[in-house]
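What follows is a single structure, written as structure tokens, with notes after it.
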Amino acid sequence: MILTRIFHSSLGKKYIMAITGGAMFLFVVAHLLGNLQIFLGPEAINRYGHFLQSNMEIVWPARIGLLIMIGLHIWSAISLAAENKAARPIAYVNTKTVAASYASRTMMMSGLIIFAFILYHLLHYTVQAPVVNLKHVDFRTLHDPEHRHDVYNMMIIGFSHPAVCAIYLIGMALLCLHLSHGVNSMFQSLGWRKKTYGECLSKAARVIAALIFVGYASIPIAVITRFLVQK
């Protein structure tokens with residue numbers, strides 16, 4: 001079967017890692033655009049949150065699909081790493097001549113830490129466990145004057161603890177480091193990276209990753225510096 005060959009071949013695993021990585025990249029961008037609405041004030045971000053919570057028939061399939069993508073991405077990465085190690089049991093003597101960048105050398109490590117960060121993020125803002133936000137506030141009890149879930153104040157409280165702010169900044173830094181190499185590798189795995197524009201693609205991936213980091217980091221920094229405050 002074609003599906004069996006895809007899951008058992010190195011090329012198939014590279015395709016799986018590239019496609020799932022691309023899907024997660026699009027989610028990261030879409031999630032950022034939604035979160036940045038906090039700078040427009042409580043009405044905008046609470047309306048956005050209410051829209052999502054009112055359409056669970058869309059949100060839950062998206063969540064399940066994303067979790068499947070993450071699982072397949074991790075599985076394919078670990079499988080390919082194991083195959084590469086088995087094919088090259090003796091490590092390179094001079095790593096400087098082989099490793100293209102720090103991001104490419106640390107993809108496995110950063111990926112596993114990012115996975116742990118995702119679990120924390122889910123407990124923080126999806127499960128909304130009070131013990132995780134370090135403020136011991138039950139986010140589920142927060143509502144705005146329109147009786148919608150108060151996403152604005154939830155995010156303000158959620159990022160107001162310095163330790164939580166640090167966790168998110170480190171997590172996003174690692175995610176964007178991962179993306180800076182992953183986006184470029186995705187095009188190469190799918191056969192879309194050509195010599196004529198390969199270097200431009202590499203630079204574009206780094207710029208996009210940096211912009212994503214700035215976007216995500218701006219929210220906890222705005223909260224911890226009290227540019228954004230509870231209303």
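Some notes on this structure:
- Set side by side, the residues 52, 66 differ, and just one is surrounded by 13 or more Cβ atoms within 10 Å (Cβ to Cβ), under 19 Å from residue 142 (Cα atoms) and at pLDDT below 95, which is 52.
- Looking across segment 194-231, just one residue is basic (Lys, Arg) and surrounded by 17 or more Cβ atoms within 10 Å (Cβ to Cβ), and that is 206.
- Selection count where residues are at positive phi and in contact (Cβ under 8 Å) with a residue 40 or more places away in the chain, scope segment 115-145: 0
- Residue within segment 149-157 that is among the aromatic types (Phe, Trp, Tyr) and more than 16 Å from residue 18 (Cβ to Cβ) present: yes
- Members of segment 49-62 found to be under 20 Å from the mean Cα position of the chain (by Cα) and touching a residue at least 40 places away in the same chain (Cβ under 8 Å), listed by number: 49
- Evaluating residue 99 against the criteria (1) part of a helix (DSSP H, G or I); (2) at pLDDT below 95; (3) small (Gly, Ala, Ser) leaves one unmet condition, (1).
- Qualifying position, being of a type in the set (A, V, I, L, M, F, W, C), over 22 Å from residue 67 (Cα atoms) and surrounded by 14 or more Cβ atoms within 10 Å (Cβ to Cβ), among 176, 165: 165
The values are calculated or read from the model by the stated rules, or taken from the named source; none is laboratory data. Here the structure is a predicted model, which is why all the values come from computation and not from measurement. Cβ coordinates were reconstructed from backbone atoms using ideal geometry, including for glycine residues, and neighbour counts include every protein chain displayed.
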